[in-house]
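Take a look at the structure below.
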Amino acid sequence: MKLQELSNSALKSMIKSYSETEKEIFVIDYFRQLFPEETDKNLTDALYALQSDGFVKVNPGDGIAYSVSLIPSGIRNIQ
């Protein structure tokens, strides 16, 4: 999957989850389950792209995007 498509899909999934459960923090296993065919590097790159767009805050660990926090302004812009 292309990086932009992966970023968009990840963000949509997080926004949907937030709308249903008010969950704001997502760990790497959440994205691994959503996109089992993607490598950790691809997932991390896609999540960092979302961070550079101002939608999320990435918390790195062991060279990957260990957890991702939705930023309220990013949520508001998407909804």
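Since every read-out is calculated from the coordinates, none of them should be taken as a lab result. Note that the structure is predicted; figures quoted are calculated from it, not measured. All Cβ positions, even for glycine, are placed from backbone atoms using ideal geometry, and neighbour counts span all protein chains on display.
Helix 3-21: angle to the longest alpha-carbon principal axis of the chain, degrees 0 to 90, nearest 10? On a 0 to 90 degree scale, this one is about 50. The Cβ shell under 14 Å around Lys12 holds other residues with a net charge of -2, Lys and Arg each +1, Asp and Glu each -1.
Note down the net charge around Ser67, summing +1 for each Lys or Arg and -1 for each Asp or Glu among other residues with Cβ under 14 Å from its Cβ.
Details: positive: Lys23, Arg32, Lys57; negative: Glu24, Asp29, Asp40, Asp62.
Charge balance near Ser67 sits at -1.
With each label modelled as a point 7 angstrom along the Cα→C-beta vector, the Ser73-Thr39 pair spans 3.4 nm. Excluding same-chain neighbours fewer than eight residues apart, the lysines reachable from Lys16 by a Cα-Cα span under 22 Å are Lys2, Lys57.
Axis angle, to the nearest 10 degrees, between helix 40-52 and the longest C-alpha principal axis of the chain: 40 degrees. Modelled spin-label separation between Lys16 and Asp53, with each label point placed 7 Å from Cα along the Cα-to-Cβ direction: 1.6 nm. Across Leu50, Leu34, Leu11, mean-square fluctuation computed from a Gaussian network of the chain (C-alpha pairs under 10 Å connected) peaks at Leu34.
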